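Notes follow the structure.
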Amino acid sequence: MSISKTAGLQLDQAERSSPAPKHSVGGGDDAPAQTPKLETVGRFEPPPQETPRQDAPIAEPPPPRKRRLVIGRLLGLARGLATLAIALVAILTALVTWDYYVTAPWTRDGRVRVQVASVAPQVSGQITELRVGDNQFVHKGDVLYLIDSFDFEAALLGNKAQLQQKAADLQVKQMQSIRRQQLSSLATTPEEQQTFAGAAVQAKAAFEAAHQQLAQAEINLQRTKVLSPVNGYVTNLLMRVGDYAHVGSANISIIDTDSYWIDGYFEETKLARICIGDRVEAKLLGYSQPMLGHVASVTRGIGVSDAAAGTQGLPNVDPVYTWVRLAQRVPVRIAIDSVPPGVPLVSGMTATVTVKDADGANRHAWLHRTIASVKARLSDVFEGPPARPACIPATTTERAKPMSLPVDKEESAPAPDQLNPGLAPSVAGSPKNY
């Protein structure tokens, strides 16, 4: 195509794209329209464009490949740091958990213990009345059952009559001795005086023996009522009315509700963290609320199988494998201070026992307690559990509270004149007629 044809084409395109011609203000419709002029016939130049003002140099963005490489490296570094942090947390958690299971003062091997009063009759006889039932609560001094009292009432009456007889004999012989002592040597002899004085002494001894028999008969009659020695629950009741009660043979058991305690069987590796008086929380299986108590004492001896004598009296020592050493269990007695409502105490129940500090006060926030616990666990791992001085005293000065039962006391013997008044009023007086 020639240059002239090209210039004509460009001119036609410019006329099509240009806006419609506008009429002048003073002219009419026949005013000629202005057409763009071509400076150069052979070349079309576009109108110059306005270049933007450059105040400051603009940094060119990095290429997409380089940017992706930087982002990938940052993500890899973040993943590495996260992996390292997770590994450190896992190691710390493993160390703390290991120390908690090995040296922390807690155990799942706890048992609720109680004292049981085995009641046995002090007299023999047939049981005529039973006043309690199985698992019934009784108070100290309540009547449990009655023994046939006929034989004991008859013995009491017989001993009363015998005591009165001995009292009369004593009165007469004492008066005879007094009379003989007042006679002159012409009316009596020293031998006769000694005979009457000795008879009076013998009568007095017989009177005192009769009084003891009467006291025994009275106590035996009272013992036909078998009483409860403690406050507690009747358990495993098998007796019935008509059974024969034998002296000293226990036939009823009562659980002393005032004597409950917990035995925690701690491993010997955990005794370094246990002190007398430390606060204790014990959770029974099946109950979420813990019981509160304190460490009362630590057992000072357990059975050793190697101490048993073998052949010819020599000690029988079992071989020990150095890579398998099981820690011994030491009983720790825990006194119960409070029991949550609705939690029954049953002897033999299993408890999870955890020993706390002596003060037991959670004064700080949980975060401070957690940090302190982690520090203590890590210190135990690397340095071993700290020894607490005077934790378990070598000698125990505390004495247990004494317990006693009411004991039957013997009453003083009555004077013979009280049993037989007027029988021997005086040396010269006449006796009263009976």
* Asked: Going by the conditions given, is L146 within 30 Å of L419 (Cβ to Cβ) and among the aliphatic types (A, V, I, L, M)?
  -> no
* Which residue out of R377, R399, R333, R363 is closer than 30 Å to Y233 by Cα and modelled with pLDDT under 70? -> R399
* I302 of a type in the set (A, V, I, L, M), surrounded by 19 or more Cβ atoms within 10 Å (Cβ to Cβ), in contact with a strand residue (DSSP E or B) (Cβ under 9 Å, 6 or more places away or on another chain) and touching a residue at least 12 places away in the same chain (Cβ under 8 Å) -> no
* Asked: Could you say whether any residue in the range 265-274 is assigned to a strand (DSSP E or B), surrounded by fewer than 17 Cβ atoms within 10 Å (Cβ to Cβ) and aromatic (F, W, Y)?
  -> no
* **Counted residues, the range 150-185 - those being among the hydroxyl-bearing types (S, T, Y) and surrounded by 19 or more Cβ atoms within 10 Å (Cβ to Cβ)** => 1
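Condition check ((1) touching a Lys or Arg at 6+ places or on another chain (Cβ under 7 Å); (2) within 23 Å of F266 (Cβ to Cβ); (3) modelled with pLDDT of 90 or more; (4) among the aromatic types (F, W, Y)) across all residues:
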| residue | (1), (2), (3), (4) |
| --- | --- |
| V298 | no, yes, yes, no |
| N316 | no, no, no, no |
| V320 | no, yes, no, no |
| Q328 | no, yes, no, no |
| L345 | no, yes, yes, no |
* Asked: Does G286 satisfy being under 30 Å from W98 (Cβ atoms), in a loop (DSSP other than H, G, I, E, B) and assigned by TED's automatic domain parsing to the domain that holds D109?
  -> yes
* Scan of the range 117-146 for residues that are surrounded by fewer than 14 Cβ atoms within 10 Å (Cβ to Cβ), small (G, A, S) and assigned to a strand (DSSP E or B), ordered by number -> S118
* Asked: Within the group Q162, Q174, which residue is under 18 Å from D417 (Cα atoms), assigned to a helix (DSSP H, G or I), under 60 Å from the mean Cα position of the chain (by Cα) and not aromatic (F, W, Y)?
  -> Q162
* Asked: What are the pairs, 6+ residues apart or on separate chains, where a residue within the range 261-277 that is in contact (Cβ under 8 Å) with a residue 24 or more places away in the chain and among the β-branched types (V, I, T) has its Cβ under 8 Å from a residue that is surrounded by fewer than 17 Cβ atoms within 10 Å (Cβ to Cβ) and assigned to a helix (DSSP H, G or I)?
  -> T269/V102
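Can we say S297 is closer than 30 Å to T128 by Cβ and either without any contact (Cβ under 8 Å) to a residue 40 or more places away in the chain or surrounded by 13 or more Cβ atoms within 10 Å (Cβ to Cβ) (or both)?
Answer is no for this residue.
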* **Where a residue in the range 335-346 is on the phi > 0 side of the Ramachandran plot and its partner, wherever it lies, is assigned to a loop (DSSP other than H, G, I, E, B), with Cβ under 6 Å and at least six apart** => none
* To do: Confirm whether L144 is closer than 26 Å to P406 by Cβ and touching a Phe, Trp or Tyr at 6+ places or on another chain (Cβ under 9 Å).
  => no
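The values are calculated or read from the model by the stated rules, or taken from the named source; none is laboratory data. All values derive from a computational prediction rather than experimental measurement. Don't worry about glycine lacking a Cβ; one is built from the backbone with ideal geometry, like all the others, and counts go over all protein chains shown.
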